[in-house]
Amino acid sequence: MKIHAIQTGSVRIKKTQVEGRGHGLARQLAIFGASEWTDWLPTYAWAIEHSGGVLVVDTGQGAHLLEAHKSLHPYVRWEVNFQIEREQEIGPQLRALGIGQGDINLVVLTHLHMDHDGGLGHFPNTKILVARAELESARGWRGVLRGYLPNRWPTWFDPEPLDLDPEPFGPFRASKRLNPGGDIIAVATPGHTANHISILARDDDMSYFIAGDTSYNEDLMLAGKVDGVSANETISVATLGLIKRFSEDHPTVYLPTHDPLSARRLESRSLVGQSGGHTP
Ligand SMILES: [Zn+2]
């Protein structure tokens, strides 16, 4: 198995989004109008070369996000900035790695936020999986109100709904094996979005935990600190605790989408707690 971290540009958001301030609705509203931005953070997508082919996790940013400042959506317009060149989109980067469209069996999305589904246009002929309830909450004007951009999906976008089995995997209550070898597993990690999933790739004794936006970095996961966008703080704290517990029971490399240390951690196989601190 070989995992590639593919940086599809970068993003900056409000510090109150990375680490929530206050509780309940106040925590979610604290993003709006906040003055402190993070540094530019990477936006990673992932390609897993395994015995049966290539599985892509998330599709990263697309250059269309550079138009975000013109959006009528208040979050998109005011509370997030993107940097990306066309050649940094996932399609050209996969080609540069020598991975062609025909090599890719499956694309799976941790959730449908705009910096995870922005590269969908590069996969018109690939099977795409999205958690069923995530797809439902992202559709239509209700999806827009929740912070999704379904209007930016390719017209052909019709993913296969993913239903996790009620089969626990470690501490996670639901899971689904995604490849015939059974060593790539989707697990339920609700919090950042209500139906967010993470992808576990297991190679020898190591578990690579592709965490999406479960937390913005490893320290926040270890500290159990909820971000500013999760709808339900209790559920988010519980999920962060499950990931921590999993990493205590199994040698785990934790790979969130926007953690500046993710690629280095993958490269050096640094286990949870071993890569040193990071403050966004
Ligand atoms: Zn997100």
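Quick notes on this structure:
- From the Kirkwood radius over Cα pairs of segment 191-247, Stokes-Einstein at 20 °C and 1.002 mPa s returns a whole-number translational diffusion coefficient of 185 µm²/s.
- Our summary of shape: the Cα atoms of segment 162-280 have principal axis extents of 37, 34, 21 Å, ordered from largest down, in whole angstrom.
- Taking the C-alpha atoms of the chain, convex hull volume expressed per residue in Å³: 116
- Proximal lysine pairs, the chain, alpha carbons under 25 Å, eight or more residues apart or interchain: 11
- Asp115 long-range amide H proximity, modeled H, under 5 Å: none
- Ranked from largest, the principal axis spans of the Cα set of segment 24-150 equal 47, 31, 23 Å.
- Taken over the Cα atoms of segment 1-93, the convex hull encloses 124 Å³ per residue.
- Working note: Karplus 6.51/-1.76/1.60 with θ = phi - 60° gives segment 178-186 the couplings 9, 9, x, x, x, 9, 10, 10, 8 Hz, where Gly and Pro are set to x.
- Loop trypsin sites (Lys or Arg not before Pro), segment 1-107 (other Cβ atoms within 10 Å of the site Cβ: 15 or fewer; DSSP): Arg21
- A 1.4 Å probe run over the protein chains yields, for the chain, 43 Å² of accessible area per residue, whole-number rounding.
- Computed over segment 77-205, the percent of Cα pairs more than 21 Å apart is 47.
The values are calculated or read from the model by the stated rules, or taken from the named source; none is laboratory data. Here the structure is a predicted model, which is why all the values come from computation and not from measurement. FYI the Cβ positions are ideal-geometry reconstructions off the backbone, even for glycines, and counts take in every protein chain you see. We work out accessible area using only protein heavy atoms, side chains counted, and drop any ligands, DNA or RNA first. Shrake-Rupley method; radii C 1.70, N 1.55, O 1.52, S 1.80 Å.
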